[in-house]
């Protein structure tokens, strides 16, 4: 069972890394876009 609340996770280093990993890092395999940018681009198409 998890002992930390969502708010604690969101402000922890782990939470910060999760945001970076899914929203800010760029990937060559995604055409040099972040995963979030790639999703937005393909949802609009």
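The values are calculated or read from the model by the stated rules, or taken from the named source; none is laboratory data. Because the structure is predicted, anything quoted here is derived from the model rather than measured. For neighbour counting, all protein chains shown are included, and Cβ atoms are generated from backbone atoms with ideal geometry for every residue, glycine included.
Report yes if residue 10 is surrounded by 12 or more Cβ atoms within 10 Å (Cβ to Cβ), in contact with a strand residue (DSSP E or B) (Cβ under 8 Å, 6 or more places away or on another chain) and part of a helix (DSSP H, G or I), otherwise no. No, not satisfied. Is it the case that some residue within the range 1-8 is without any contact (Cβ under 8 Å) to a residue 24 or more places away in the chain and in contact with a helix residue (DSSP H, G or I) (Cβ under 7 Å, 6 or more places away or on another chain)? There is no residue in the range 1-8 that is without any contact (Cβ under 8 Å) to a residue 24 or more places away in the chain and in contact with a helix residue (DSSP H, G or I) (Cβ under 7 Å, 6 or more places away or on another chain). You will find that of 42, 21, the residue that is loosely packed, with under 12 Cβ neighbours inside 10 Å, touching a helix residue (DSSP H, G or I) at 6+ places or on another chain (Cβ under 9 Å) and either part of a helix (DSSP H, G or I) or modelled with pLDDT of 95 or more (or both) is 21 and no other.
Residue 10 falls short of the stated requirement of being over 10 Å from the mean Cα position of the chain (by Cα) and at pLDDT 85 or above.
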